[in-house]
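Engineer: What follows is a structure written as structure tokens; I'll ask about it next.
The values are calculated or read from the model by the stated rules, or taken from the named source; none is laboratory data. For clarity, every value in this text was computed on a predicted model and none was experimentally measured. Positions of Cβ are generated from backbone atoms using ideal geometry, with glycine treated the same way; all protein chains shown enter the neighbour counts.
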Amino acid sequence: MGRTFFIRILIGFMVEDFSWYEYYIKEKNIPWKWGVIVKDGSVFWNSVAKNYDEYTKERYKQAYEKLLLISKKYVKKTDRVLDLGCGTGLITFQMAREVKEIVAIDYSVNMIEVAKMKAAYGGISNITFCVEKAEKQIEVYEPFDVVVAFNLLCYLENPEEVYQQISRALKPGGIFISATDCLGNEEPWLRRMMKLSLVFGAAPLIRFISTSKLEEEIQAHQFVIFEREKLYSNPPNYLIVAEKASN
């Protein structure tokens, strides 16, 4: 109880609206084990899956609407889409109406279960869900037209493997759309405080990446960036649309 109380104060001091860290600590009565959530982020995401939609829709409604509006510009009815880190499918289901097929991947079993139930309830049949880490190479029988990674790139332990996965899966000239919390843009003191919260196991692994570093990573893997948009301010979330270079 004392440790939980301390972390709640710590995170509340760090930033007024720090989304899932605050939610997890306030709402989840889970025994604390030092570093367990840092080592296995699926513990964190499994724990928040049940109420994820309700919380994010309330907090980030405008950001999700903007993300969906921009994403729809780059998909068409004949497209096959790979969704890495699909979560509960908040954007996945909206895109499913605009494309031929979606393969949706997430390593949180509970997130995928919620997504499957929503798909069944909504009568959506063109999404294939897979429980797997984004880093693991998937078999691609036909290259995808579009790959999306919404709120994924800042949580990766091995980002290089994921970028390689995206490049392999996407056809030349295909579109890569990402939305990422760029916490490296925050003040140094705030980054230090946030890193301290990771030591307490109050959050999943986070990369404190800046917008410039994120763009460098994407461009280093045969992608040409042609659209950028700030979706949210606190935490700073940036959308990047890029095209895979043609061979």
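Engineer: Consider only pairs whose beta carbons are under 6 Å apart and that are at least six residues apart or on different chains; among these, list those whose first residue lies in the stretch 53-77 and is among the aliphatic types (A, V, I, L, M) and whose second residue is assigned to a helix (DSSP H, G or I).
Structural biologist: Leu68/Gln94
Engineer: While we're on this one: Which of the residues spanning the stretch 101-151 are surrounded by fewer than 19 Cβ atoms within 10 Å (Cβ to Cβ) and touching an Asp or Glu at 6+ places or on another chain (Cβ under 6 Å)?
Structural biologist: Asn126, Glu135, listed by residue number.
Quick grid of which residues meet (1) in contact with a helix residue (DSSP H, G or I) (Cβ under 7 Å, 6 or more places away or on another chain); (2) assigned to a helix (DSSP H, G or I):
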| site | (1), (2) |
| --- | --- |
| Met95 | yes, yes |
| Val103 | no, no |
| Glu113 | no, yes |
| Lys116 | no, yes |
| Glu135 | yes, no |
| Glu142 | no, no |
| Val162 | no, yes |
| Ile166 | no, yes |
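Engineer: Only residues in the stretch 119-137 that are within 19 Å of Val148 (Cβ to Cβ) count as the first member; pair them with residues that are aromatic (Phe, Trp, Tyr) and part of a loop (DSSP other than H, G, I, E, B), Cβ under 7 angstrom, at least 6 apart or cross-chain, and list the lot.
Structural biologist: Hits for this filter: Val131/Tyr107; Glu132/Tyr107; Lys133/Tyr107.
Engineer: What about Phe176, is it within 30 Å of Ser233 (Cα to Cα), aromatic (Phe, Trp, Tyr) and modelled with pLDDT of 90 or more? Spell out how you get there, then give the answer.
Structural biologist: Values: within 30 Å of Ser233 (Cα to Cα): yes; aromatic (Phe, Trp, Tyr): yes; modelled with pLDDT of 90 or more: yes.
Spelling it out, Phe176 is indeed within 30 Å of Ser233 (Cα to Cα), aromatic (Phe, Trp, Tyr) and modelled with pLDDT of 90 or more.
Residue by residue, here is whether (1) in a helix (DSSP H, G or I); (2) of a type outside the set (A, V, I, L, M); (3) at pLDDT below 95; (4) surrounded by 21 or more Cβ atoms within 10 Å (Cβ to Cβ) holds:
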| site | (1), (2), (3), (4) |
| --- | --- |
| Tyr55 | yes, yes, yes, no |
| Gln62 | yes, yes, yes, no |
| Thr78 | no, yes, no, no |
| Val81 | no, no, no, yes |
| Leu90 | no, no, yes, no |
